[in-house]
Amino acid sequence: MFTPKHIAVVAVCALAACASQPVSTGKGPALGAPVSADEIARWDISIPPSGEGLPAGSGSVKQGEAVYTAKCLACHGVKGIGKPADPLAGGSGTLATSAPRRTVGSYWPYATTLFDYVRRAMPIQNPLSLTNDEVYAVSAYVLNLNGIVAADAVMNAQTLPQVKMPNRDGFISDWPPRSR
């Protein structure tokens, strides 16, 4: 049974708890500073399937081989065969089998999204560190490893969106058009 002393202790604790709550000022929490349009633009580096927004720069298959050897080979293996990371080449004709190999050549629907992914996520230990020229070059090299572009190909903002990937028709795009 509660005694008046117990009730008084509970009441004092309840009052103390209420008193420790901040008084609302009508403002939201101060979680940072407003972001400017310029700051957003620096981080808005997504490249859609159309290639809209691809940056200036270019890279050849030969240049890409040098960049790949220096910055990609340790994870993706010689000629993109994989180990310890996923393979980038091969897998053609395996998607409908019981052991599909999802590689750039067998699975990816757009060369522009290859550029986007490499630019933002590779190398895994230092993402966003490659120059635009290096990303174009590595993209050209990986596309060449998969037999998609010729050994003398040069990728840039005009040529990369023109590359027709083998599995382009295996996807339905729901990517919204950009409004910039």
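The values are calculated or read from the model by the stated rules, or taken from the named source; none is laboratory data. Predicted model only: the values in this text are computed from it and were never measured. With ideal geometry, Cβ positions are generated from the backbone for all residues, glycine too; neighbour counts draw on all protein chains shown.
Just to be sure, is Ala33 assigned to a loop (DSSP other than H, G, I, E, B), among the aliphatic types (A, V, I, L, M) and either at pLDDT 95 or above or surrounded by 14 or more Cβ atoms within 10 Å (Cβ to Cβ) (or both)?
It is false that Ala33 is assigned to a loop (DSSP other than H, G, I, E, B), among the aliphatic types (A, V, I, L, M) and either at pLDDT 95 or above or surrounded by 14 or more Cβ atoms within 10 Å (Cβ to Cβ) (or both).
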In the stretch 75-104, anything loosely packed, with under 13 Cβ neighbours inside 10 Å and either in contact (Cβ under 8 Å) with a residue 24 or more places away in the chain or not in a loop (DSSP other than H, G, I, E, B) (or both) is listed as Val78
Of the residues in the stretch 55-73, those that are part of a loop (DSSP other than H, G, I, E, B) and either in contact with a strand residue (DSSP E or B) (Cβ under 8 Å, 6 or more places away or on another chain) or surrounded by fewer than 18 Cβ atoms within 10 Å (Cβ to Cβ) (or both) come to Pro55, Ala56, Gly57
Cross-chain or 6+ apart pairs with Cβ under 6 Å, the stretch 36-58 first and under 16 Å from Tyr110 (Cβ atoms), then of a type in the set (Val, Ile, Thr): Ile47/Thr112; Pro49/Thr112; Gly51/Thr112; Gly53/Ile47; Leu54/Ile47
How many of the residues making up the stretch 160-173 are out of contact with any Gly (no Cβ under 9 Å at 6 or more places or on another chain) and either crowded, with 17+ Cβ neighbours inside 10 Å or part of a strand (DSSP E or B) (or both)? 2
Residue count for the stretch 78-113, restricted to those that are closer than 27 Å to Ser46 by Cβ and of a type outside the set (A, V, I, L, M): 17
